[in-house]
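Colleague: Below you'll find the structure I mean.
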Amino acid sequence: MTIRMLIVDDEPIICQGLRQTIPWDSIGAEVAGEAYDGVEALQFVSGQPVDLVLTDINMDGMDGLELAKELKERWPQIRIIIVSGYDDFEYARRALRLGIEDYLLKPVNIEELMAMVQRIGMEISLDAELEKKRERESWLKWMIQLVQGGAAIRKDADTPPSAAYGQSSYRFIASQLEDYAEWTSHSSEESQQSARIGWESTVHAALKPFD
């Protein structure tokens, strides 16, 4: 999985330097874009998915901490790294309170930054795998409830998750139990339970490649 990163700094030369001189692809990252102030960064994130924001703290208008606060409120899944030219404990403490992943001092140590981004990328990939597993289990549970309810979903049934931010998602599953309604009308509960278990095993096997 390649993580998408937005670089934010009010000095374009710094954005370009970070984008062009660091081999991001070697650690599974790509620079999705650059923004030169907090407002522009929010506009960018509103239009396309971003996994990680690397932002300077000292910018005209909306500074890095204000940007981080807005990001955490509107897109809490986005990870944030703050870069500051000030070795000020108060800045670091405010950053930690906002849930920012890391706080780096200028001049940035490139190896430290790359290690940090790589670690965050691994965490994002792990979270994505866990979410994929939870989503699969949710859809499987929903289908089982559908069959057991005679093609009617209870009002209190869990609704399968929708598509993630910025992604298209399609779900199409066809399953045929020929003359099921007629068969259940004159079959034992034991036979019906056995059929449901068999159907469930078949669906599990069909979905196994997507784990």
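No lab work stands behind these numbers, since they all come straight from the coordinates. Please read these numbers as outputs of a predicted model, since none were measured by experiment. In this analysis, Cβ positions are derived from the backbone assuming ideal geometry, glycine residues included, and neighbour counts consider all displayed protein chains.
Colleague: Working only with C-alpha atoms, what are the Rg and Dmax values of the range 1-80, expressed in angstrom?
Modeller: Both quantities, over Cα of the range 1-80: 11.8, 34 Å.
Colleague: Evaluate the relative contact order of the range 18-106 (contact order divided by residue number), counting alpha-carbon pairs under 8 angstrom at least 6 apart; express in whole percent.
Modeller: Contact order relative to length: 24 percent.
Colleague: I would also like to ask the following. Give the residues of the range 22-66 whose amide nitrogen is closer than 16 Å to a point set 7 Å from the Cα of residue 2 in the direction of its Cβ.
Modeller: What the label zone holds, given the 16 Å backbone N cut-off, is 22-34, 49-52.
Colleague: What is the packing order of peptides 57-69, 187-199, 40-52, taking the mean over residues of other C-beta atoms within 10 Å and listing the highest first?
Modeller: Ranked by mean Cβ neighbours within 10 Å, highest first: 57-69, 40-52, 187-199.
Colleague: Here's a follow-up. Provide the FRET efficiency to the nearest 0.05 for the residue 190-residue 139 pair, computing r from the beta carbons and using R0 = 25 Å.
Modeller: Details: r = 28 Å, r/R0 = 1.10.
The calculated FRET efficiency here is 0.35.
Colleague: Figure the gain on full extension for residue 105 and residue 125 (residue separation times 0.36 nm, minus the Cα-Cα span) and round it to one decimal in nm. Show your work: numbers first, answer last.
Modeller: Values: separation 20, 0.36 × 20 = 7.20 nm, distance 2.65 nm.
Additional length available on full extension: 4.6 nm.
Colleague: Here is a follow-up. Cα-Cα pairs above 21 Å in the range 1-138: how many percent? Let's see the in-between values first.
Modeller: On the way: 3662 of 9453 pairs.
That fraction is 39 percent.
Colleague: Just how many % of Cα pairs in the range 37-110 lie over 16 Å apart, if you round to the nearest whole percent?
Modeller: Of all Cα-Cα pairs in the range 37-110, 43 percent lie more than 16 Å apart.
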